[in-house]
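Visitor: Structure below; questions to follow.
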Amino acid sequence: IFAYTNLNAYQFDFLTVRDVVSKVKKKFKKLKTLQATFTVISKKGGKVTRQNGRIRYKSRDKLMIRFYNGQKIVSNGKMMWIYIPSLNVVAEQDLNSKLGFFGKSSSGLKRLFMKYHYKFASKQQPEQTKEGKFYTLLLKQKESRSGFRRIKLWISEKYMIKKAQGQSSTGKNVQILFTNIRTNIPIKNGVFKFDIPSHARVIKNPMMSEVK
């Protein structure tokens, strides 16, 4: 009885993986704006490529991803443009279609966790790493599809995704690092305007809609 009473005096404060996922989704849903720099490292067959850029997000569903090599991914919430200057191509996608993870930015994170099984990567959470303490999650596709079969996420104690690593069915490994994260800062709507270059070839709605 004494032992039971003594245990009751303690406050048990621990998070399950579902708690962490819920807090991440709530954190993102409440964001008015977000700005960060990023690095993408891709590895396949011994070949390594690195890309850097800056991402800006504004609620609801406005997105600007600008790579320093000139590539851009822009969304005004209704349309999305992917500009690849080296190919002189613009992919123009209507976001009103059922696009899953590529659809509305605010629902992309929710859909990600719907499409994947997830668990903690280790028993000790948050996990101590060289970069600090992070909740580490392992995600696995519920159904085999294109894209990443497995994903690992590093989530800060403030419930921001700081790092993601994915493995595709073709053996390609992609790692994304986010730094200089700033939230709820003023970002003008003009940032998310995209003018298609007059010389560019336009591909309409290249992404197939999901089957219900």
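Visitor: In segment 105-212, which strands (runs of 3 or more DSSP E) lie fully inside it and hold 2 or more residues that are more than 21 Å from residue 82 (Cα to Cα) and either in contact with a helix residue (DSSP H, G or I) (Cβ under 7 Å, 6 or more places away or on another chain) or among the polar types (S, T, N, Q) (or both)?
Guide: Correct list: 116-120, 127-129, 132-141, 161-168, 173-183.
Visitor: A further question follows. I need the full set of residues from segment 159-174 which are within 16 Å of the chain's Cα centre (by Cα), touching a residue at least 40 places away in the same chain (Cβ under 8 Å) and surrounded by fewer than 16 Cβ atoms within 10 Å (Cβ to Cβ), in order please.
Guide: Scanning segment 159-174 gives a single hit, 173.
Visitor: Does residue 151 fit the bill of being modelled with pLDDT of 90 or more, within 20 Å of residue 57 (Cα to Cα) and among the β-branched types (Val, Ile, Thr)?
Guide: Here the answer is no, as residue 151 does not meet what is asked.
Visitor: Open to solvent by less than 20 Å² (accessible area, probe 1.4 Å), at pLDDT 95 or above and closer than 27 Å to residue 27 by Cα: which single residue out of 77, 53, 103 fits that description?
Guide: Going through 77, 53, 103 in turn, the sole match is 53.
Visitor: Further question: Just to be sure before I move on: is residue 136 open to solvent by less than 50 Å² (accessible area, probe 1.4 Å) and at pLDDT 95 or above in the structure I sent?
Guide: So residue 136 passes the test.
Visitor: Do we have residue 119 as at pLDDT below 90 and of a type in the set (D, E, K, R) here?
Guide: Judged against the criteria, residue 119 is not a match.
Visitor: Suppose the filter is within 28 Å of residue 47 (Cβ to Cβ) and touching a Ser or Thr at 6+ places or on another chain (Cβ under 6 Å); does residue 148 pass it?
Guide: yes
Visitor: Which condition number in (1) in contact with a Lys or Arg (Cβ under 9 Å, 6 or more places away or on another chain); (2) farther than 29 Å from residue 198 by Cα; (3) modelled with pLDDT of 90 or more is the one that residue 109 fails?
Guide: (3)
The values are calculated or read from the model by the stated rules, or taken from the named source; none is laboratory data. Computed from a predicted model, the values in this text were never measured in an experiment. Counting neighbours? That spans all protein chains shown, and the Cβs are built from the backbone with ideal geometry, glycine included. Note: accessible area is taken over every heavy atom of the protein model, side chains too, but ligands, DNA and RNA are not part of it. Shrake-Rupley method; radii C 1.70, N 1.55, O 1.52, S 1.80 Å.
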